Structures are given as structure tokens and as C-alpha cells.
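Quick notes on the structure that follows.
The values are calculated or read from the model by the stated rules, or taken from the named source; none is laboratory data. Here the structure is a predicted model, which is why all the values come from computation and not from measurement. Neighbour counts run over all protein chains shown; Cβ positions are idealised from the backbone, glycine included.
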Amino acid sequence: MVIREIFFYFFMITGGIFAAITVIGLIRFPDVYTRIHAAAVVLTISAFFLTIGIAIYVWDFYLSLKILLISLFFLISNPMATHSIARSSYRKKIALPAIRTIDAYSDFIGEDQ
Amino acid sequence: MKQKFLTFIIAFAIWIVFAGKITSDVLIIGVGAGLITTVFFHNMLLRSINHPKGWFNYFRVLLVVIVFIPVFFYEVLVAALKVSRHVIEKKPSFCPGIVKVKTKLTNITAITILANLITLTPGTLTLDFDIAERAYYIHWIDVRTREEVEARKEIIEQFEKWLEVIFR
């Protein structure tokens, strides 16, 4: 009982800290792609931790399994959405990266920097 | 036929988990929905059913995946802490860039899963995949090296090793 509560608090607090970092990064980073790094990818970790914490808190067989399936869908769907946002915003020239030290992708598309 | 049957079993099990209780109407709707899913998507879920080693192959894949899960979460956590450090710093000090990394994998499912793993690890983001050269284009938040070999070692090599074992 007590051990379960310790795990619950650990997962919830870690997830909350990561969510706060996500929001700060969304404001502070300079261009679209670095913001995607902060927004989507750290958010995946925080959402995963929060769902696992809730599954531990509920501790009912069917309900916990359902919540774990939801966290699995997070892990599958989040990279795909991130990838498609980044790729389409580069290809349609909605927003090109502001800072870039090396850019191999513009050679692949066939245009100058 | 075996493939269709197994797909139906998996879809039905997931339906039972989502329904949360076993009564007659839940079972009837589950059979209907599972059959529809099976008819349309049976060739997507279990591609390697005709593997020469048969059932033993699935058992081996399951064992490797169970060993792989803690390794994966350790990597994701470390990378998330690295990105968090950039956020908290007083003046964000990173040099983002897009690098090109070639891969050795040939299986199309393995290539897709590797792209997802790269995106899921914070700090790297898959932009595109070139089929002719079998190369990923990766947006990297902190480009430490311009050499392709070292970038490959730093970003994808360990995940590639695991996926080579899984999709042998």
C-alpha cells in the first residue's frame, strides 16, 4: 500500500516536472524545429509517466490495462505526428530552420540553402 | 489462414480489454468488429508468419523485446535530461542542424520502427527517408560532429543492433 503510493507520487511528480520543462522550452527556443524537440518529444515522456502513475493509482486490472494501452498509443502516435509536422513544414517552406550549422536535407530536395 | 486467425485473436483480446467486462452483447459486437478489422488489415500485423523457424521465432522476438524495453527507457530518459538542460540554461547553447545517416537495415518494418525510435529519443527528429540510398535525414538539436560515421555511431548504432537481432 505505502510502496504503491511512493511509486505513484514519484511518477506523477516526474511527469509534472517534465511537462513544465516542455512549456518553458516551447517559449524559449528560437525556431520551429527546436520547438518541436521541446514540445513533442519531452511531452511524450511526461505523458507516459503521468499515465503510468494513474495506472498505479487506480490499481484495478481492466482499468489499469486500459490506461497502459493508452500510453502505448502515445508512444506510437506521437513520433508520427511530430515527423509529419516537421517534414511538411520543411517541404512546403512554411518555416525553414533559423539556425543551422549543417543542412544535408536541402541537397536532397534539390535547392540551395 | 493462420495469419487471419491470429489477427482476429489479437483484435478480440484488445477489444475485451477496452470493454472491461464480458457479457453477451459485448462479445457479439467484439466478434463483428474483429471480423471487419481482420478482413481489411490481416496482412499488416503479422508479416513474418512464414519464417523458416516458425513459432520459435515469435518466442525469440518476444524475449528480445522484453530485454529491450528497460534499455530503451533508460536511453529515452537520459536524452530527455539532455534536452531539459538546454531548456533550463540561462542562454540556450546548442547548434541545431540536419545530418544524413545511412542505415544497414533492409526489412521495411525494421526501417519504420527505427525511424520511430529516433524520433522518440529526444534531441533527434527524423525528417525523411531516402529509399534509393537507404539514408535517414535527421534534425539534430546539438550537432557535435560533421562526420557521417561518428554521427551514425552517436545516434542510431545501438538501436540498429537491437533491431538487427529482432528482425533476423
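Observations on the structure shown:
- Qualifying positions in segment A:76-87 - surrounded by 16 or more Cβ atoms within 10 Å (Cβ to Cβ) and at the interface with chain B (Cβ under 9 Å from one of its Cβ atoms): A:Asn78, A:Pro79, A:Thr82, A:His83, A:Ala86, A:Arg87
- When A:Ala55, A:Ala20, A:Ala40 are checked against the criterion of being small (Gly, Ala, Ser), free of Cβ contacts under 8 Å to residues at least 40 places away in the same chain, part of a helix (DSSP H, G or I) and surrounded by 15 or more Cβ atoms within 10 Å (Cβ to Cβ), A:Ala55 stands alone in meeting it.
- Of all residues in segment A:7-40, those satisfying the criterion of being touching a Leu at 6+ places or on another chain (Cβ under 8 Å) and of a type in the set (A, V, I, L, M) are A:Met12, A:Ala19, A:Ile36, A:Ala38, A:Ala39.
- Of all residues in segment B:3-45 being hydroxyl-bearing (Ser, Thr, Tyr) and in a helix (DSSP H, G or I), the one that is farthest from B:Thr112 (Cα to Cα): B:Ser24
- In segment B:129-154, the residue that is surrounded by the most Cβ atoms within 10 Å (Cβ to Cβ) out of those that are in contact with a Gly (Cβ under 9 Å, 6 or more places away or on another chain) and among the β-branched types (Val, Ile, Thr) is B:Ile141.
- Qualifying residue in segment A:62-73 (condition: in a helix (DSSP H, G or I) and at pLDDT below 85): yes
- For segment B:16-35, the criterion of being in contact (Cβ under 8 Å) with a residue 24 or more places away in the chain and not hydroxyl-bearing (Ser, Thr, Tyr) is satisfied by at least one residue.
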